[in-house]
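**Q** Mind looking over this structure? Questions follow.
The values are calculated or read from the model by the stated rules, or taken from the named source; none is laboratory data. Remember, predicted model here, so these are calculated numbers, not experimental data. No Cβ is skipped: glycine too gets one built from the backbone with ideal geometry, and neighbour counts run over all protein chains shown.
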Amino acid sequence: MSKNFNFWFLSSFLISLIVIIPILTVFSSFFENTSNYFDILKKTFLFEYTFNSLILLISVLTFTFLIGTGSAYLVSFYQFPLSNFFKWALILSFAVPPYIYAYSLTAFFENYGTAFTILKNLFGEANYNKHIPKFDGMLGSILSLSFSLFGYVYILTRASFLYQSQNLIDLGKNLGFSNFKSFYSVILPSARPAIVAGLSLVAMETLAEFGAVDFFSINTLTTGIYNSWIAFDDLAFANQLSFFLLLFIFALFLLENLSRKKAKYHFNSRGGFKQKKKLKLSNNKSFFAFLFCFLIFFLSFLFPLGQMLYWTIKFPENLIGLNASTLFFNTLYLVILSSSILIIFSLISNYGNRVSKNKILNILSTLSISGYAIPGVILAIAFITFIVWIDENMIQSIGFLSVKKIFIGSIFGLVIVYFIRFYSLAFNGIKSGYEKINIYVDESAYLLGYSKRKTFMNIHVPFLRNSLLFVSILVSLEIIRELPIALILRPFNFETFATTAYISASEDLLEAAAVPSLFLIVIAAIFIMITSKYILRDTND
Amino acid sequence: MIKNFFEINNVTFAIGGKDRVNDVNIKIEQEGDIICILGPSGIGKTTILRTIAGLEKINKGQIILKNKIISSKQIHVEPEKRNIALSFQENSLFPHYTIDKNIHLGLKKKQLSNKNIDSKEIIKILNLQDVLNKYPHQISAGESQRASLARSLISQPDLLLLDEPLSNVDQSFKEDIQVSLKQILKNNKITTIVVTHDSYEAFYLGSKCALILDNEVKQYDDPYNVYHFPNSIQVVNFLNRGILIPAKVTGGDSLENEDLGIIKGKFIKHYPTGSNVQLLLQPEDLEHDDDSNLKLEVVDRKFRGTNFIYTLRTPSNKLIPVAVHTHHWEQHEVNEKFGIKRPIQLEHIVCF
């Protein structure tokens with residue numbers, strides 16, 4: 001065997017292969033026969049699914065663009081009360097998953113909900129219900145998704161603004177542009193790649209969203225996939241719908257990848273980078289800037305947090321009834337197990353790619369990191385399809401006992417699918433750390449007598465420790481919030497904060513959903529606060 | 001018995017499947033010799049060093065160090081198992097270690113060596129005392145390069161490979177380091193291959209120079225011969241220290257050019273009388289004489305410290321360089337006439 005096929009190459013190859021299995025499964029099952037459900041759906045709901053997905057996508061993109069770039073612009077270029085606080089506080093919105101936002105919206109605006117209680121306390125008994133607007137259905141889904149996801153646009157756009165050359169802005173002023181004209185014709189176009197990258201992430205998350213749209217009973221392609229499997233037990237059709245949705249997502253993924261390449265160029269061009277002077281706003285403008293940022297912070301974080309806290313206090317029996325410690329340990333168990341596996345394998349795979357310099361491996365890893373673009377529902381179903389196929393066609397046919405139970409409805413299976421889902425996040429996070437290590441560093445190590453293993457352990461791992469910490473927290477944050485994979489693949493009686501909140505909410509017990517939701521928000525917020533310095537990447541700002 | 005300390009026998013150096021330098025033959029006879037590889041950027045000099053270090057493989061020929069084949073089509077000793085150090089042109093310091101730690105990592109390989117280099121001395125010579133506690137990102141490119149050089153030296157290798165070792169070092173500091181470096185290498189008998197595109201650096205450091213042009217080693221000789229007896233027009237053009245003018249061989253020690261007349265000297269290669277040749281004229285070949293009746297027009301004058309290099313136009317429109325000591329009392333301006341001493345007598349005649 002050639003020396004090129006060493007341990008590192010084989011490990012990376014195997015890891016990448018495991019990750020692309022679901023994509024291959026979805027692709028191959030596109031050609032399978034399905035039950036009648038397919039015909040029924042084709043005649044009736046397919047149009048509705050696609051239409052709803054598109055409406056949701058366009059609205060969320062518009063809304064996240066407006067609030068994401070607007071807030072990024074204000075905190076990057078201006079000084080106003082609490083502008084430094086908003087700079088990082090706005091990313092706390094990531095702590096609130098769309099489905100919990102949806103519970104909060106409903107809890108606040110529903111008949112006899114929190115809004116009703118406030119009005120009653122302020123103005124006395126009356127029938128306020130008909131005057132309180134209802135944010136449910138499509139509107140509720142749009143708001144829930146937008147306030148949870150605008151952070152992607154905010155973070156990337158703000159980073160792009162941060163590295164925008166002061167010269168460019170000075171040039172605008174020199175040409176006599178007003179602040180608005182400078183923003184519109186100089187600042188915004190040069191941040192375009194970052195904005196597109198942010199919006200692409202929002203788009204992928206929107207198309208993959210399950211919890212919030214399911215809660216508001218909006219039929220999208222994702223809920224269609226879930227229902228075709230759960231209600232009609234038609235895996236083949238679920239996979240076909242998945243393939244259809246994947247086409248959408250791959251188009252977006254491609255767009256995101258292309259724009260990220262440009263964004264990278266943008267980030268690297270630091271020549272002539274000067275720290276921008278932030279403009280101090282006059283009183284009126286300062287107030288509006290503050291109000292804008294405060295409203296976003298309030299609506300995206302304080303409002304759901306407050307609502308969940310209020311209900312937890314109002315219905316303390318739910319707190320007592322909830323086995324919080326079990327949920328906490330279950331969540332922690334999943335987080336530690338999954339993120340450790342993700343970090344270790346992503347690290348090995350990254351190093352394997354680095355030392356192997358093999359084209360096939362390169363293509364395979366590029367394909368394998370598309371896992372993040374594939375909705376959790378699809379991944380879970382593709383995984384089940386694959387296991388069932390292997391079990392029926394290979395394991396049982398040669399006389400062995402079924403292995404389905406080992407993978408489906410077990411922690412093992414759940415962790416594998418988490419691994420596939422979040423592999424790209426871990427892989428890319430570690431890769432960006434690796435990009436800071438010049439290849440000559442490795443070669444110097446070899447020439448100093450270090451073996452590949454020793455170079456990895458003694459040089460790379462210590463250097464990457466900050467990146468590893470950051471990536472593990474990021475991955476943990478995703479796992480804590482993740483819903484559909486846990487719902488589909490968790491073992492019987494194994495609940496996390498996310499699944500408990502979902503189950504209570506789907507049984508119309510929103511008050512009971514508040515406690516696990518509150519725990520989830522608080523834990524996620526702590527994680528975000530720990531990593532905010534890395535996420536914002538601007539210690540000198 | 002060791003025949004040659006180091007040998008490259010008929011090796012084609014390639015990177016990414018693309019041949020860069022073909023059929024190279026270089027020998028270093030004695031331990032402690034320094035040779036230089038000279039050539040334009042992008043020609044494959046670094047590829048040669050990387051291959052010798054074991055970072056690239058070969059498909060043809062063999063590389064032998066201390067009588068042991070370290071690279072051939074069948075054999076490839078891994079880089080960590082060759083006692084060869086390579087100091088990269090680019091920053092190759094370990095980013096999470098201080099400069100001090102980085103440099104002393106070189107000591108790990110010391111047990112493989114019988115040499116005895118004092119790390120404190122190296123640090124002092126390379127002027128790194130003030131940056132020892134800093135991290136690589138906190139120091140300049142020149143300091144990184146010196147630190148990398150120190151690390152390679154301290155590892156006391158059998159063979160030291162230096163890739164443009166002083167390209168980022170300040171000019172004012174460069175000559176001092178060149179002197180000290182040569183001293184350390186000689187005193188400790190460290191066999192070294194230096195890659196550079198700076199011919200003066202190569203001529204100073206190397207006891208032999210390999211010139212790589214057009215994907216092959218054009219000349220491998222001592223610096224004096226490379227400069228004064230270039231073996232091809234490509235070498236002349238690369239060194240850019242002279243021009244070729246047409247001449248006709250008129251005898252065993254003379255030739256004639258239509259503008260300069262009879263030129264006398266010792267041919268380094270025999271040419272039959274009457275043959276037409278291209279004569280190499282270097283700036284030192286012609287002498288200035290204000291009283292001469294052979295006058296040429298000045299088209300340019302470059303001040304080079306110890307001398308001026310005048311560029312003169314001949315009647316047949318050739319441009320000839322002539323060096324004149326800067327203390328020469330009369331300076332000639334552009335468009336003025338400039339006298340050439342007659343008869344023209346050259347130390348040696350190089351023709352193509």
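**Q** Name every residue in the range A:336-379 that is outside any helix (DSSP H, G or I) and closer than 17 Å to A:S11 by Cβ, in order of residue number.
**A** Hits for the range A:336-379 are A:K357, A:N358.
**Q** Something else: Which residue is nearest to the other protein chains (Cβ to nearest Cβ), if the candidates are limited to the range B:64-78 and must be in a strand (DSSP E or B) and surrounded by 14 or more Cβ atoms within 10 Å (Cβ to Cβ)?
**A** Among those that are in a strand (DSSP E or B) and surrounded by 14 or more Cβ atoms within 10 Å (Cβ to Cβ), it is B:H76.
**Q** Among the listed residues B:N257, B:N240, B:N231, which satisfies the condition of being polar (S, T, N, Q), exposed (fewer than 15 other Cβ atoms within 10 Å of the Cβ) and more than 14 Å from chain A (Cβ to nearest Cβ)? Walk me through it before giving the result.
**A** On the way: B:N257 fails: exposed (fewer than 15 other Cβ atoms within 10 Å of the Cβ); B:N231 fails: exposed (fewer than 15 other Cβ atoms within 10 Å of the Cβ).
Going through B:N257, B:N240, B:N231 in turn, just one is polar (S, T, N, Q), exposed (fewer than 15 other Cβ atoms within 10 Å of the Cβ) and more than 14 Å from chain A (Cβ to nearest Cβ): B:N240.
**Q** Also: So B:N257 passes all but one of these: (1) closer than 30 Å to B:D198 by Cα; (2) assigned by TED's automatic domain parsing to the domain that holds B:N307. Which condition number does it fail?
**A** Only one criterion is unmet by B:N257, namely (1).
**Q** Has the range B:199-221 got any residue that is among the hydroxyl-bearing types (S, T, Y), in contact (Cβ under 8 Å) with a residue 24 or more places away in the chain, touching a Lys or Arg at 6+ places or on another chain (Cβ under 7 Å) and closer than 16 Å to B:K27 by Cα?
**A** yes
**Q** Can I ask one more? Output the number of the condition that B:C36 fails; it satisfies all remaining conditions of (1) in a helix (DSSP H, G or I); (2) in contact with a Gly (Cβ under 6 Å, 6 or more places away or on another chain).
**A** (1)
**Q** Inspect all residues belonging to the range A:448-455 and state whether any of them is free of Cβ contacts under 8 Å to residues at least 12 places away in the same chain, more than 9 Å from chain B (Cβ to nearest Cβ), surrounded by fewer than 23 Cβ atoms within 10 Å (Cβ to Cβ) and in a helix (DSSP H, G or I). I'd like the intermediate steps shown before the answer.
**A** First, pick out the residues of the range A:448-455 that are free of Cβ contacts under 8 Å to residues at least 12 places away in the same chain: A:448-451, A:453-454.
From what is left, the residues that are more than 9 Å from chain B (Cβ to nearest Cβ) are A:453.
Subset that is surrounded by fewer than 23 Cβ atoms within 10 Å (Cβ to Cβ): A:453.
Filter once more, so that each one left must be in a helix (DSSP H, G or I): A:453.
Yes, that holds for at least one residue.
**Q** Go over the candidates B:V350, B:V324, B:V298 one by one and state the one that is β-branched (V, I, T) and free of Cβ contacts under 8 Å to residues at least 40 places away in the same chain.
**A** Sole residue among the options that is β-branched (V, I, T) and free of Cβ contacts under 8 Å to residues at least 40 places away in the same chain: B:V324.
**Q** Consider B:K57 carefully, then state whether it is in contact (Cβ under 8 Å) with a residue 12 or more places away in the chain, surrounded by fewer than 20 Cβ atoms within 10 Å (Cβ to Cβ) and within 14 Å of another protein chain (Cβ to nearest Cβ).
**A** yes
**Q** Got at least one residue in the range A:213-230 being over 22 Å from A:I100 (Cα atoms), part of a helix (DSSP H, G or I) and aromatic (F, W, Y)?
**A** yes
**Q** Of the residues B:L93, B:L49, which is crowded, with 20+ Cβ neighbours inside 10 Å, within 17 Å of A:L448 (Cβ to Cβ) and within 9 Å of chain A (Cβ to nearest Cβ)? First the steps, then the outcome.
**A** Numbers: B:L49 fails: within 9 Å of chain A (Cβ to nearest Cβ).
Only one candidate passes the filter, namely B:L93.
**Q** Right, next: Inside the range B:224-288, counting only strands (runs of 3 or more DSSP E) that do not spill past its ends, which hold 1 or more residues that are within 17 Å of B:H348 (Cβ to Cβ), modelled with pLDDT of 90 or more and of a type in the set (V, I, T)?
**A** Counting at least 1 such residues, we get B:243-251, B:261-264, B:276-281.
**Q** I'm told B:L162 meets every condition in (1) touching a strand residue (DSSP E or B) at 6+ places or on another chain (Cβ under 6 Å); (2) at the interface with chain A (Cβ under 8 Å from one of its Cβ atoms) except one. Can you identify the failing condition by its number?
**A** (2)
**Q** While we're on this one: When you look at B:S41, is it over 22 Å from B:I154 (Cβ atoms), in contact (Cβ under 8 Å) with a residue 60 or more places away in the chain and either surrounded by fewer than 20 Cβ atoms within 10 Å (Cβ to Cβ) or touching a strand residue (DSSP E or B) at 6+ places or on another chain (Cβ under 9 Å) (or both), yes or no?
**A** Numbers: over 22 Å from B:I154 (Cβ atoms): yes; in contact (Cβ under 8 Å) with a residue 60 or more places away in the chain: yes; either surrounded by fewer than 20 Cβ atoms within 10 Å (Cβ to Cβ) or touching a strand residue (DSSP E or B) at 6+ places or on another chain (Cβ under 9 Å) (or both): yes.
The answer is yes for B:S41.
**Q** Within the range A:501-523, take every residue that is in contact with a Ser or Thr (Cβ under 9 Å, 6 or more places away or on another chain) and within 23 Å of A:F419 (Cβ to Cβ) and give me the one that is surrounded by the fewest Cβ atoms within 10 Å (Cβ to Cβ).
**A** Restricting to residues being in contact with a Ser or Thr (Cβ under 9 Å, 6 or more places away or on another chain) and within 23 Å of A:F419 (Cβ to Cβ), the top hit is A:I523.
**Q** Moving on to the next point. Step by step: first the residues of the range B:149-159, then only those that are within 11 Å of another protein chain (Cβ to nearest Cβ) and of a type outside the set (A, V, I, L, M), then the one that is surrounded by the most Cβ atoms within 10 Å (Cβ to Cβ). Which residue is that?
**A** Here the answer is B:S152.
**Q** Just to verify a result, which residue in the range A:403-447, among those that are of a type in the set (A, V, I, L, M, F, W, C) and at the interface with chain B (Cβ under 8 Å from one of its Cβ atoms), is surrounded by the fewest Cβ atoms within 10 Å (Cβ to Cβ)?
**A** Out of the qualifying residues, it is A:I437.
**Q** Can B:L86 be described as within 8 Å of chain A (Cβ to nearest Cβ), within 12 Å of B:L149 (Cβ to Cβ), without any contact (Cβ under 8 Å) to a residue 60 or more places away in the chain and not in a helix (DSSP H, G or I)?
**A** For B:L86, the condition - within 8 Å of chain A (Cβ to nearest Cβ), within 12 Å of B:L149 (Cβ to Cβ), without any contact (Cβ under 8 Å) to a residue 60 or more places away in the chain and not in a helix (DSSP H, G or I) - is not met.
**Q** Scan the range A:461-490 residue by residue and report those that are among the β-branched types (V, I, T) and either within 14 Å of chain B (Cβ to nearest Cβ) or farther than 30 Å from A:T326 by Cβ (or both).
**A** Quick first cut of the range A:461-490, residues among the β-branched types (V, I, T) only: A:461, A:471, A:473, A:475, A:479-480, A:485, A:488.
Matches in the range A:461-490: A:V461 only.
**Q** Got a sec? Which of A:N493, A:N458 is out of contact with any Asp or Glu (no Cβ under 8 Å at 6 or more places or on another chain), away from chain B (no Cβ under 14 Å) and more than 30 Å from A:L90 (Cα to Cα)?
**A** None of the others qualify; the one that does is A:N493.
**Q** Can you tell me which residue among A:G176, A:G151 is part of a helix (DSSP H, G or I) and either more than 30 Å from A:I313 (Cβ to Cβ) or of a type outside the set (S, T, N, Q) (or both)?
**A** Numbers: A:G176 fails: part of a helix (DSSP H, G or I).
One residue alone meets the criteria, A:G151.
**Q** Condition (residue is in contact with a helix residue (DSSP H, G or I) (Cβ under 6 Å, 6 or more places away or on another chain) and either modelled with pLDDT under 75 or among the β-branched types (V, I, T) (or both)) applied to the range A:187-194: is it met by at least one residue? Before you say what the answer is, go through the steps one by one.
**A** Initial filter on the range A:187-194 (in contact with a helix residue (DSSP H, G or I) (Cβ under 6 Å, 6 or more places away or on another chain)): A:191, A:193-194.
Next cut, either modelled with pLDDT under 75 or among the β-branched types (V, I, T) (or both) only: none.
No, every residue in the range A:187-194 fails to be in contact with a helix residue (DSSP H, G or I) (Cβ under 6 Å, 6 or more places away or on another chain) and either modelled with pLDDT under 75 or among the β-branched types (V, I, T) (or both).
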